[in-house]
Amino acid sequence: MNTHNVEHIIIGTAGHIDHGKTSLVKALTGIDTDRLPEEKQRGMTIDLGYAYLDLDSGHRVSIVDVPGHERFVKNMLAGATSINLVLFVIAADDGIMPQTIEHLEIINLLGIRHGLVALTKKDLVTDEWLAIVQEDIKNILKGTSLEDAPIVPVSTVTGEGIETCKTIIKNLIAQINTHDDARVFRLPIDRSFTISGYGCVVTGPVMGGQISVEDEIEILPVKTTVRVRGVEVTGERVNTAFAGQRAAINLSGIKSTEIKRGYELSIPGYLQPTKIVDASLRLIKSAKKPLKNRARIRFHMNTSEVMGRVILLDREQLNPGEEALCQFLLENLITTEREDRFIIRSYSPSYTIGGGKVLGYNTTRLKRFKEETVETLKILDSGNLSDIVEQVYLNNVVRRGERTFALTIDDVSRRVNIHPSVAEKIIADFIRKGVFMQFSVEGKNVIFHKTHVLSMKERALNELRKFHKGNPLKMGIDETHLKTLMDKNINPLLITAALSFLRNEKAVKVTDNKLSLSNFKIEVSTQDKGIADKIEGLFLKAGFTPPSMEEVYTNFGAPGKAVIPLLIEQKKIIGVEKGLCFHTMVLDKLKENLMEYIKKQGPISVAQFRDLTKTSRKYAVPLLEYFDAIHFTKRTGDVRILL
Ligand SMILES: Nc1nc2c(ncn2[C@@H]2O[C@H](COP(=O)(O)OP(=O)(O)OP(=O)(O)O)[C@@H](O)[C@H]2O)c(=O)[nH]1
Ligand SMILES: [Mg+2]
């Protein structure tokens, strides 16, 4: 049973080599985090170490101890990204050293705002010296995320300051709210090992959502689905681990050797591995030279490190202290979410040069120096969830491939990296405000941004006006035909939505499946009307032996040809088969006679029908087939019955 109330906080150390990070963690927790034989032998930390601190409030917090050696900054980074409270360690005797500065820059770039400076080895210096170092520290903290961090002189030898540290940690924790429900479960892996009797165990910080025993999860970027057999948080078995906790997860269906540091866990299908990352990047002030477009760099994100190149989107080079929008082209797959923090280091020799924030998932390379791209990325950079969701909808106009698509809540959740419930709420809000419009199309609930619906509506109205002008004697246009007249690259569901909006607005009407402007009327000239009447009379008189279309065309010429569709639309004549029409009244009368005949005499054969209508086979067969087609009669063997 979990007897502790586990905080959703991860504490991490930082600071120059040998300044007393591991000793401080031990003094606070009683746990020695240097677990590797090589670490014991060399008296230094090489890789991440793990401990937990029990506070007198009854809360238990995870601690990650990082190495200070400049060669292991890479390992330090694997731990640092998940930290929300830092113990920044500076030895009073040594004062500020190179990795003091580098680690501080990393903390600042990662945006870690909560922390304290532990001024260690107080026992080795005089009070005057201590005061001088304290001044130095205040100076380097200025303008960084740790500007207001308290500085606590401590000694792990005498124990001085250790209790003060604990009290400050407790107070800081009270100010932090890390329980991030807005995100889906995700855990970057920092260790993978085997425990006999259990099998594969991985550890790492839960970055969002929660994970429970029996959950199905996916390992990325390899995309293997596995099941959670057990969960531990700070050394105790639990059923669920939450965002902001470090967890050990026992996985079934995979060997620990198949998993590396840098892999991640998430719910199946949520994260897509990518080699392209859109980001905002800041070069640190102390960077030795500007960063050029296409420079090769080391990209550190969560627990992974990959090589890649930086593409600066709006400039040729980034100067120290400046910030810009960029795209990273990486050499290996990584998994990212919007708002992920990253650090970049120079390729060789490697030192920290900058860092920033992931702006979103993308699989395509962006064109440089394009205002539109920069504007979109700026919205993503703002971090305003509503604006970002709106952006997703604004981009949802173009047809992708041949598939008709509608944005689902899950799509939005994946693109914006927010929990589906959060996406749903934001979308509902936009619908309520009338910014998004909701339609039911082909049984699907589809939502579009109002600006798109309105502009599509204008385009449809234009096409309809054009159509009426070119076809004054036609009642309207087929919806599918209209769609092909509009832009082929437009999402067809959007056009359907715009048309249904027009129908609701009563700006268009549908008559016999033909769409027309609601104020459109067929206007026939007296001359055309005269011809139409004549032709109609001809069909009425001809009865069951009507003239063929060719005959009509030869007798009446082009005006005759023009009024035939009008007669058909007005239902004066009906097309029975291609080129063969009958007058509607003739057909109606025939239907009556046929009904009476079958009722009295039973099923009717073609020969009997021919006699009934006193016509030839040439007309009798198409007529019978027409009656079958309109489900008036039905053929059984050689005869027809009523349906
Ligand atoms: N006198 C004195 N010695 C200390 C104090 N804290 C640490 N030390 C000593 O300083 C040395 C380095 O301490 P560590 O805790 O291993 O330093 P670290 O920062 O973890 O070093 P890396 O992990 O390698 O970066 C050890 O020999 C400690 O005993 C202190 O407060 N006073
Ligand atoms: Mg150490």
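When the accessible area of region 293-356 is computed with all protein chains present and a 1.4 Å probe, what percentage of it is carbon and sulfur?
41 percent
Counted over the chain, the DSSP beta bridges are approximately 85% antiparallel. Give me the Kirkwood hydrodynamic radius of region 74-157, using the inverse of the mean 1/r over all pairs of distinct Cα atoms, in Å to one decimal. It is 13.1 Å. If you take the Cα centroid of region 14-79 and the Cα centroid of region 599-643, the two points sit 94 Å apart. With all protein chains in place and ligands, DNA and RNA left out, the 1.4 Å accessible area ranks Glu102, Glu569 as Glu569, Glu102, largest first.
Just list whichever of Lys469/Lys534; Lys474/Lys618; Lys21/Lys288; Lys74/Lys378 have alpha carbons separated by over 32 Å in the model shown. Going by Cα-Cα distance, every pair falls inside the 32 Å limit. Between Lys138 and Glu523, the simple label model (points 7 Å from Cα in the Cβ direction) yields a spacing of 8.7 nm.
Taking all protein chains into account, the per residue accessible area for region 1-144 stands at 39 Å² (1.4 Å probe).
When only alpha carbons are used to place a centre, region 470-501 and region 315-337 end up 43 Å from one another. The antiparallel fraction among DSSP beta bridges confined to region 223-266 stands at about 90%.
Short-range pairs are left out: with C-alpha atoms under 8 Å and at least six residues apart, the relative contact order of region 491-643 is 16 percent.
Take region 208-364 with all the other protein chains still there, run a 1.4 Å probe, and you get 39 Å² of accessible area per residue. Sorted from longest to shortest, the spans of the Cα atoms of region 120-204 along the three principal axes equal 56, 35, 22 Å. Taking the Cα centre of region 79-138 as origin, work out the dipole magnitude from +1 charges on Lys and Arg Cβ and -1 charges on Asp and Glu Cβ, in debye rounded to 20. Charge dipole, region 79-138, about its Cα centre: 320 debye, nearest 20. Accessible surface for Lys166 stands near 50 Å², nearest 10, in the context of the full protein assembly shown (1.4 Å probe). Take every Cα pair under 8 Å whose residues are at least 6 apart in sequence, average their separation, divide by the length of region 127-224, and the relative contact order is 16 percent. Rounded to the nearest angstrom and listed largest first, the equivalent-ellipsoid semi-axes of region 524-576 from its Cα gyration tensor are 16, 12, 10. Based on the alpha-carbon gyration tensor of region 491-603 and its eigenvalue square roots a ≥ b ≥ c, which shape applies: rounded if a/c is under 1.5, prolate if not and a/b is larger than b/c, or oblate? In terms of gyration-tensor shape, oblate. Considering only the other residues whose Cβ falls under 10 Å of the Cβ of Asp54, what net charge follows from Lys and Arg at +1 and Asp and Glu at -1? Taking every other residue near Asp54 into account, the sum is +1. One decimal place: the segment Lys170-Glu371 gains 67.6 nm when fully extended, by the rule 0.36 nm per residue minus the C-alpha distance.
Between Glu216 and Ser548, the contour length at 0.36 nm per residue exceeds the alpha carbon distance by 112.6 nm. Judged by the ratio a/c of the largest to the smallest principal axis of the C-alpha gyration tensor, region 17-158 counts as rounded, that ratio being less than 1.5.
Projecting label points 7 angstrom from Cα along Cα→Cβ for Lys469 and Glu128 puts them 9.4 nm apart. Taking every alpha-carbon pair under 8 Å whose residues sit at least 6 apart, the chain reaches a relative contact order of 8 percent. Solvent-accessible area assigned to carbon and sulfur over region 436-497 amounts to 53 percent, based on a 1.4 Å probe. Using every pair of separate Cα atoms, the Kirkwood estimate puts the hydrodynamic radius of region 13-81 at 12.2 angstrom. Would region 177-274 count as rounded, prolate or oblate if I go by the C-alpha gyration tensor, calling it rounded below 1.5 in a/c and otherwise prolate when a/b exceeds b/c, oblate otherwise? Since a/c reaches 1.5 but b/c is at least a/b, the shape of region 177-274 is classed as oblate. Please give the Cα centre distance for region 508-550 versus region 271-298, rounded to the nearest Å. Computed from Cα coordinates, the inter-centre distance equals 70 Å.
Ligands, DNA and RNA left out, the 1.4 Å accessible surface of region 105-251 is 48% carbon and sulfur atoms.
Considering only beta bridges that DSSP places wholly inside region 1-124, some 30 percent are antiparallel.
Among Val154, Val233, Ile418, which residue has its Cα furthest toward the positive end of the charge dipole of the chain, with +1 on Lys/Arg Cβ and -1 on Asp/Glu Cβ? It is Ile418. Checking every one of the trypsin sites (Lys or Arg not before Pro) in region 547-643 against DSSP loop status and a limit of 14 other Cβ atoms within 10 Å picks out Lys571, Lys578, Lys614.
Roughly what % of Cα-Cα distances in the chain sit above 37 Å, to the whole percent? Cα-Cα pairs in the chain separated by more than 37 Å: 55 percent.
The values are calculated or read from the model by the stated rules, or taken from the named source; none is laboratory data. The structure presented is a predicted model; accordingly, all values stated were derived computationally and were not measured. For neighbour counting, all protein chains shown are included, and Cβ atoms are generated from backbone atoms with ideal geometry for every residue, glycine included. Side chains are part of the model used for accessible areas, which takes the heavy atoms of the whole protein and leaves out ligands, DNA and RNA. Shrake-Rupley method; radii C 1.70, N 1.55, O 1.52, S 1.80 Å.
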